[in-house]
Every structure is written in structure tokens, then in C-alpha cells.
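Beneath this line is the structure, given in C-alpha cells, with notes to follow.
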Amino acid sequence: QVQLVESGGGLVQPGGSLRLSCAASGIIFRFYNTGWYRQPPGKQRELVAKITSGGSTNYADSVKGRFTISRDNAKFTVDLQMNSLKPEDTTVYYCNVEIGAINFWGKGTLVTISS
């Protein structure tokens with residue numbers, strides 16, 4: 001059984017930082033492609049950041065230079081460090097892992113950027 005649990009969301013002011021964490025059970029992240037997604041109200045779910053089993057990363061243009069995705073192999077987590085946050089970043093963030101043709105998702109964690 002694969003289970004993903006996100007944490008670290010909250011309320012911060014514009015320009016602030018948050019660190020999201022995705023904890024896995026049933027899998028070891030480093031063997032798979034893993035990512036963080038978000039879905040603003042009224043829009044499709046979009047990729048924020050991805051890290052492959054080989055360790056390569058890519059980011060949405062809107063977050064390049066501000067967000068960093070990483071794996072902690074000892075803790076079995078995939079983290080997303082978010083800096084210079086903007087109100088436009090406000091939404092629910094979801095952890096994802098690709099296993100073959102199947103996508104597994106966490107329940108999400110809410111990030112709110114407001115003054």
C-alpha cells in the first residue's frame with residue numbers, strides 16, 4: 001500500500017517562506033519520479049516541481065529561482081522549500097509519485113500567502 005502525507009502548509013506574508021514535506025509509506029522515493037503539484041481555484045492541476053529517480057529536477061516557470069525540491073533519503077521524505085512567496089502561490093499543494101503508469105496522490109496541504 002502506498003500512502004503519501006503532506007505537511008508544512010500554513011499562513012505567511014508575501015515574501016515569506018514555507019517548507020512542505022511529503023512523507024511516504026509503502027515506497028522508497030528515490031526509486032521513482034516524485035513531484036509537487038498545485039491547483040488554484042478554477043484552474044487545472046499544475047506541476048510545481050519534480051525530482052526524478054535519477055535526481056534531476058525541473059520547475060514551473062512561475063516558481064524557478066524561488067522553490068527548491070529535494071529528497072531526504074534517510075527520512076523518506078520529499079520536501080519543497082518555498083521562498084519569496086507571492087499571493088498567487090496560495091492554493092492546496094499535493095504530493096505525487098509515479099509508479100509505472102499509476103499516479104499516487106496525498107490529500108494536500110493548504111498554503112495561504114496574505115498580508
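The values are calculated or read from the model by the stated rules, or taken from the named source; none is laboratory data. Predicted, not measured: the structure shown is a model, and the values here were computed from it. For neighbour counting, all protein chains shown are included, and Cβ atoms are generated from backbone atoms with ideal geometry for every residue, glycine included. Each accessible area value is taken on the protein alone, full model and side chains, heavy atoms only, with ligands, DNA and RNA left out. Shrake-Rupley method; radii C 1.70, N 1.55, O 1.52, S 1.80 Å.
For residues in region 23-44 being open to solvent by 20 Å² or more (accessible area, probe 1.4 Å), outside any strand (DSSP E or B) and in contact with a Lys or Arg (Cβ under 8 Å, 6 or more places away or on another chain), which is nearest to residue 100 (Cα to Cα)?
Among those residues, the one meeting the criterion is 30.
Could you grab me the full set of residues in region 50-69 that are open to solvent by less than 40 Å² (accessible area, probe 1.4 Å) and under 16 Å from residue 4 (Cβ atoms)? Let's see the steps before the verdict.
Initially, region 50-69 is screened for residues open to solvent by less than 40 Å² (accessible area, probe 1.4 Å), giving 51-52, 55, 60, 63, 66-67, 69.
The answer is 51, 69.
Does residue 75 qualify as being open to solvent by 70 Å² or more (accessible area, probe 1.4 Å) and either modelled with pLDDT under 95 or outside any loop (DSSP other than H, G, I, E, B) (or both)?
Numbers: open to solvent by 70 Å² or more (accessible area, probe 1.4 Å): yes; either modelled with pLDDT under 95 or outside any loop (DSSP other than H, G, I, E, B) (or both): yes.
For residue 75, the condition - open to solvent by 70 Å² or more (accessible area, probe 1.4 Å) and either modelled with pLDDT under 95 or outside any loop (DSSP other than H, G, I, E, B) (or both) - is met.
Looking at region 52-66, is at least one residue under 10 Å from the mean Cα position of the chain (by Cα) and not in a loop (DSSP other than H, G, I, E, B)?
no
Could you say which residue among 20, 47 is crowded, with 19+ Cβ neighbours inside 10 Å, in contact with a Gly (Cβ under 8 Å, 6 or more places away or on another chain) and either among the basic types (Lys, Arg) or assigned to a strand (DSSP E or B) (or both)?
Working: 47 fails: crowded, with 19+ Cβ neighbours inside 10 Å.
Just one listed residue meets the conditions, 20.
Which one of these is farther than 18 Å from residue 114 by Cα and over 15 Å from the mean Cα position of the chain (by Cα): 25, 70?
Matching residue, one of 25, 70: 25.
Tell me, yes or no, whether region 78-92 has at least one residue that is modelled with pLDDT of 95 or more, touching a helix residue (DSSP H, G or I) at 6+ places or on another chain (Cβ under 7 Å) and in a loop (DSSP other than H, G, I, E, B).
Within region 78-92, none of the residues are modelled with pLDDT of 95 or more, touching a helix residue (DSSP H, G or I) at 6+ places or on another chain (Cβ under 7 Å) and in a loop (DSSP other than H, G, I, E, B).
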